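Colleague: Quick one: the structure is below, and I'll ask about it shortly.
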Amino acid sequence: MSYPYQIKTLEDYKKDYNKSISDPESFWTPIAETFTWRKKWDKVLDWNFKDPKISWFSGGKLNITENCIDRHLEKNSNTPAIIWESNDPEEHHRVLTYKELHFKVVQFANVLRNNGAKKGDRICIYMGMIPELAIATLACARIGAIHSVIFGGFSAQAIADRLDDAKAEFIITCDGAFRGTKDIPLKSVIDDALVGNHTVKKVIVCTRTRTPVSMIKGRDVWWEDEIKKVETHGNPDLPAEEMDAEDMLFILYTSGSTGKPKGVVHTTAGYMIWTNYTFVNVFQYQPGQVHFCTADIGWITGHSYIIYGPLSAGATALMFEGLPTSPDAGRFWDIVEKYKVNILYTAPTAIRSLMAYGNDYINGKDLSSLKVLGSVGEPINEEAWNWYNVNIGKEKCPIVDTWWQTETGGVMISNLANVTPAKPSFATLPLPGILPCLMDENGSEIEGNNVNGNLCIKMPWPGIIRTTYGDHERCKQTYFSAYENKYFTGDGCMRDSEGNYRITGRVDDVLNVSGHRIGTAEVENAINMHAGVIESAVVGYPHDIKGQAIYAYVIYDGSHGDSNLSKQDIIQTVSRIIGPIAKPDKIQFVPGLPKTRSGKIMRRILRKIAEGDVTNLGDTSTLIDPALIELILEGKL
């Protein structure tokens, strides 16, 4: 499969970029025409950021799975679509060709239909990183159902909230999942999440760990039993459901600055074209290469760069069950050597973690197949960039430092491998279609170079968020209200003398822990549910491995004598309500929280204390009780 829209030179980039901004409709038309449509669109782009209302390729009819699978069958049916590496390196790996993936997706689409699922239904997927997760996701899209994948580390309460918000009627899960030396009891977590639920009709359970589980008659069915029912009827062909370009493809929940997670909605055509275009161009993918994205499909990175981007490009995607440090810290390098991986796309957290183990786990590993390295999830620090470049890329592989978000669908700012220049710790230049700007606190655009501001985007791209599920006003307030006629990313950014962009971190109350966004309000709500907690405030502080860690200031009633045990109880409460990913790294019991006379907690001061920057706490004259600051400083962890 060739990609006529693949940028080959810096001059091509400049030409394409300028055209994409000056005339987006004529830029995207020939790119869209390379995909399979049932009916061509009536209009390429219609938008305003006030409502907001954005549509791409309106009137067009298609199904994303025909573009990810069916169209590759004539010439590339035996090309590996998905290679799966197990948590246990001794377990036999699996390879699904495009022909086999097609068969299995149609098969499971029949299972969904047989269990009553139909176009427009919301289906929650809570599974480990096994091929069946990708199959289930694609089967939902094939019948026009809206999938909502939930990361396997979330708690029952976090799942229950998401099920309720999406009004999901179906769940696809596993008995359990393997992650390093741990067995995660997925089905029992789902059972807890379903207590009091009145919308879910069916739970389909795939066997993975052979953990004993409770199966409720009439509600719970085994994946394998349902497959056998389809097989007895010869796995009837199931034509893909015709979808409108702007029909909902999936909901993916992400943390915001308020306690309730928001369901980011992506639609069919624009998301498909954006993930494909960014995959082909950022990584400079060549047919036959093996692309290894180490993310979990429960996050947007896995959606876009394990499933939809690579498969729509006819690529080979490698998915991995497990941890980069299990059974030892050479796991990634073993996988690269075993499958002759050409593109490795991972997170700075993983890179920093592996750096800490030293180079003994790299020595003797054949990494010569690598052509491109990628970084995703958070800004990569220069030390980690250099280690990655020297020890993994052997100074021969470009590192694409990609900046993007759940809401953007795919990469927004990044160098293109071997095409545009890289700069350590800089995302560098925007992709075609992306018009960034920096704004000051007063709503004025900051012109020129060597400047800092809040990062906004001035015009829509095909993969932009369309709404937040069930609450369009929240979408408007979160992303389109801070600055008129602009999408606000929530990130701070600097632009250097050459126009390169460097992301400097969140400017709202959202933390970036190990590349995953966690809302401070969500963590505070969970802490405050502990019986002994009166009030809390959560901030982020720098962490050598995670990038950012969670520091919680807690007013505790002292009813429990052992403060260390009390802190463990609070951590357990957060794990139970959100999941282990949101556990505070430090909990400091404080006599009070610094508040203004209007009652607002001065998190700016708490953040500086957590960071150890106590020489410049700024103006404290507006605080009700400035003396509190000294008491908090005395107890700093």
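Colleague: Can you spot the aspartates and glutamates whose alpha carbon is less than 20 Å from Lys600's alpha carbon? Ignore those fewer than 8 places along the same chain.
Modeller: Correct list for Lys600: Glu441, Asp508, Asp509, Glu522, Glu524, Glu535, Asp619, Asp625, Glu630.
Colleague: Restricting to segment 523-634, what percent of DSSP beta bridges are antiparallel, rounded to 5?
Modeller: 75
Colleague: Another question, then. On a 28 Å Cα-Cα criterion, which of the cross-link pairs Lys595/Lys636; Lys15/Lys371; Lys53/Lys118; Lys187/Lys586 come out too long?
Modeller: Going by Cα-Cα distance, Lys187/Lys586 fall outside the 28 Å limit.
Colleague: Within a 10 angstrom radius of the beta carbon, how do Phe108, Phe488, Phe154 rank from fewest other beta carbons to most?
Modeller: Least crowded to most crowded, the residues run Phe488, Phe154, Phe108.
Colleague: Between segment 85-133 and segment 426-493, what is the C-alpha centre distance in whole Å?
Modeller: Segment 85-133 and segment 426-493 have Cα centres spaced 36 Å from each other.
Colleague: Per 0.36 nm of contour for each residue apart, how much would the distance between Asn485 and Asp508 grow if the chain were fully extended, relative to their Cα-Cα spacing?
Modeller: Roughly 6.4 nm would be gained on extension.
Colleague: Averaging sequence separations of C-alpha pairs under 8 Å and six or more residues apart, then dividing by the length of segment 523-634, give the relative contact order as a whole percent.
Modeller: 26 percent.
Colleague: Quick check: from the Cα gyration tensor, does segment 86-239 come out rounded (a/c under 1.5), prolate or oblate?
Modeller: Oblate shape, in that a/c is at least 1.5 and b/c is the bigger or equal ratio.
Colleague: How do the peptides 167-177, 42-52, 510-520 rank, highest first, by the average count of neighbouring beta carbon atoms within 10 Å per residue?
Modeller: 167-177, 510-520, 42-52
Colleague: Can you compute the modelled spin-label distance between Trp387 and Lys458, with each label point 7 Å from Cα toward Cβ, in nm?
Modeller: Result for the modelled spin labels: 3.9 nm.
Colleague: A further question on this structure: Report the label-to-label distance for Glu611 and Ser214 in nanometres (one decimal), using points 7 Å from each Cα along the Cα→Cβ vector.
Modeller: Those two pseudo-labels are separated by 4.7 nm.
Colleague: Which far-off residues, 5 or more places away or on another chain, put their amide H under 5 Å from the one on Thr97, with H placed in the peptide plane?
Modeller: Ala81
Colleague: State the extension gain, in nm to one decimal, for the chain segment bounded by Ile362 and Asp12, taking 0.36 nm per residue of separation less the distance between their alpha-carbons.
Modeller: In short, 122.3 nm is gained.
Colleague: May I pose another question? Between Met529 and Lys229, how many nm apart are label points set 7 Å from Cα along the C-beta direction?
Modeller: Each label point lies 7 Å from its Cα, and together they span 3.4 nm.
Colleague: Roughly what % of DSSP beta bridges within the chain run antiparallel, to the nearest 5?
Modeller: Counting only bridges with both partners in the chain, antiparallel ones make up about 60 percent.
Colleague: Something else: Can you tell me what share of the DSSP beta bridges in segment 74-225 is antiparallel? A percent to the nearest 5 is fine.
Modeller: 30
Colleague: Related question: Over 24 Å between Cα atoms, which of Lys262/Lys476; Lys338/Lys396; Lys43/Lys260; Lys43/Lys486 qualify?
Modeller: Lys43/Lys260
Colleague: Would you report the distance distribution of C-alpha pairs in segment 523-634 as whole percents per 5 angstrom bin, up to the bin with the largest distance?
Modeller: Reading the bins upward from 0: 2, 12, 22, 23, 20, 14, 7, 1.
Colleague: Relative contact order of segment 345-434: what whole-number percent is it, with Cα pairs under 8 angstrom and at least 6 residues apart?
Modeller: 26
Colleague: As an exercise, use a Förster radius of 51 Å and the Cβ-Cβ distance of Ser326 and Thr596 to find the FRET efficiency, rounded to the nearest 0.05.
Modeller: For R0 = 51 Å, the calculated efficiency reads 0.60.
Colleague: So for the chain, averaging the separation of alpha carbon pairs under 8 Å that are six or more residues apart and normalising by length, what relative contact order in percent results?
Modeller: 13
FYI, it's all coordinate maths here, none of it is from the lab. Values in this document were obtained by computation on a predicted structure and should not be read as measured data. Ideal geometry is used to build each Cβ from the backbone, glycine not excepted, and the neighbour counts take in all protein chains shown.
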